[in-house]
Amino acid sequence: MSIVQEVIGEGRRLTIDLAQSYERVREWRERWGWSPLTSEAYDTPPPYSPPHTPHTKLPRISPVPESINSSSIRQSLSPAYEPIPNPTIPGNPAPSAEALFSLVNKFAKENGFGIVRRNAYSYKGRRVRYSFQCDRFGQPGAPKGAGIRKRKSRKCGCQWMVIAEAVKEGRWLLRHHENPEHSQHNHDRSITSSAHPSHRRLTTPVRATIESTSRRVGIRARDVRAVVEQQHPDTVFTQRDIYNARAVINREKLGGYTPTGSLIKLFDELKIPYLVKWDADQPNRLLGLVWTFPYCLQTWKRFPEVISFDNTYNTNRFKLPLFQATGQTCLGTVFNAAFGLIDNERREGFQFLAESIRQLMEQHSIRQPDVIITDYDNSMKAALNHQFSNVQQQLCIHHIISNVLLKSKQKWISKRKSSSSPSASDDEDNSSETQIQHSAPDKQVVSDSTSDKIPHTYRGIVLMWKRVIFAETEEAHEIAWRELSVNPVLANSWWVTT
């Protein structure tokens, strides 16, 4: 009974609290640009109100004064919005409708609202009138999607509108609408101008900044946004705007083609030789691509004796390993012969790569190589054996030296650990060996030429090994091998005892 008295009695405490909560919700929804609450939200009782039971006899309670009703409560609790001013009408003439729209939009940005251009009217083939409306004009429309994503609407029933007319060609002015209800907004100013798309339009200077900044590999959208805000302080772009702008720029660069289609189109326009492989089930999915350039073919024809295959792994966003087929000139320099993209590093991927290289050689009258250098990948070796059965295969010297460095480093470190702690187990040694990685000095030992000074470290073993394999004569080779085997500095090293 006490709850009934609080709802419909003299105090009506619960009813007043409910009305106040609805007014606070409506105020904040309008400030943030959301659709207002419907009238049914005010008329329906709260979910915890007692249901209407006509057969239950309630005690008579004094009637409620007429001054306390729901409409008066809503009117007293509604926030007193500061009216949004109108632009100067007719104002200064503008040379075009776009220029006049920019002036009005600038005024709207300064006063917390946005505008859109609607209702174009033409006369004798020329546009002579537009309606500049508030971007919250009209009521929220019915959702067009499946209802999975809840989309909010900026529309709140605002009726503000001005008319832009061309009094004569090259002279546009503003005028009021005939209906006075279109002269005022029904909402407060926006908290930030980024709430209105008309203030986030992509201009030519901002587009150039986004395009130039996005050329850097790996730069994120928020970093691009920070650069735009620094160079263009008046802009109010969001991170989603940067994503959309980059997508538009990329689509325009591709000319409406997919990335693969755009690349093939470029090859056709420049007459670049290429061979392509598509998926049989998905014709638009690229499985492999091999191409070369005219200047590569010229050098390839002159020095076809040696060809080497190597890849740079997944260095692109399509996860297609890039392969390079390189050759060697008479001066020992390396040149690019061909390039390839394949979707996997298995036998079928290497098979397409080797077959395409052979077809390019046949198409351009390049004789088969005498030696093919690989990195000892079994799948690649099998594919090359199938396409170049009469060609000798050798291992890349760089990979050989890297393996020598790795093994010597593992043995050297494990030997010193075992001598310092005899109780150490083999499992501990093996676990430490797998964690060894090449440092910068190690990589320099692999790539640099041999040195006269041999240090008493595992790097010294690598340097002496390089003397063996880079010996220019048989006699020099025998001397280097003998020094590697019996050198007193390394007499107690691991390779002597194993």
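Coordinate-derived values only; no laboratory data. Quantities reported herein were computed from a predicted structural model and do not represent experimental measurements. Here the Cβ positions follow ideal geometry from the backbone for every residue, glycine too, while neighbour counts run over all protein chains shown.
Tabulated results
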| read-out | value |
| --- | --- |
| Net +/- balance of residues flanking Glu305 in space, Cβ distance below 14 Å, scoring K and R +1, D and E -1 | +2 |
| Fewest-first ranking of Phe303, Phe350, using other Cβ atoms within 10 Å as the exposure measure | Phe303, Phe350 |
| Residues Asp234 and Ser212, FRET efficiency given R0 of 25 Å [Cβ-Cβ distance, rounded to 0.05] | 0.85 |
| Prolate/oblate/rounded label for segment 76-225 (Cα gyration tensor, a/c 1.5) | oblate |
| Simple label model, 7 Å out from Cα along Cβ direction - Leu322 to Asn244, nm | 3.3 nm |
| Fewest-first sequence of Leu331, Leu254 by Cβ atoms within 10 Å of each Cβ | Leu331, Leu254 |
| Evaluated over segment 260-395, the Cα radius of gyration and Dmax, each in Å | 14.5, 47 |
| Surrounding net charge for Leu100, when Lys and Arg each add one and Asp and Glu each subtract one, Cβ distance under 13 Å | +4 |
| Among beta bridges that DSSP assigns inside segment 260-395, antiparallel share in %, nearest 5 | 75 percent |
| Gap separating the Cα centres of segment 243-257 and segment 339-363, nearest whole Å | 31 Å |
| 3J(HN,Hα) from dihedral phi, segment 352-367, Karplus parametrisation 6.51/-1.76/1.60, rounded to Hz, x for glycine, proline | 5, 4, 5, 5, 5, 4, 5, 5, 4, 5, 6, 5, 10, 6, 9, 6 |
| Residues Cys296, Cys330, Cys134, Cys396 arranged by fewest to most Cβ contacts within 10 Å | Cys330, Cys396, Cys296, Cys134 |
| DSSP-defined beta bridges in segment 126-236 - what % are antiparallel, rounded to 5 | 90 percent |
| Alpha-carbon centroid distance for the pair segment 160-189 / segment 263-338, whole angstrom | 62 Å |
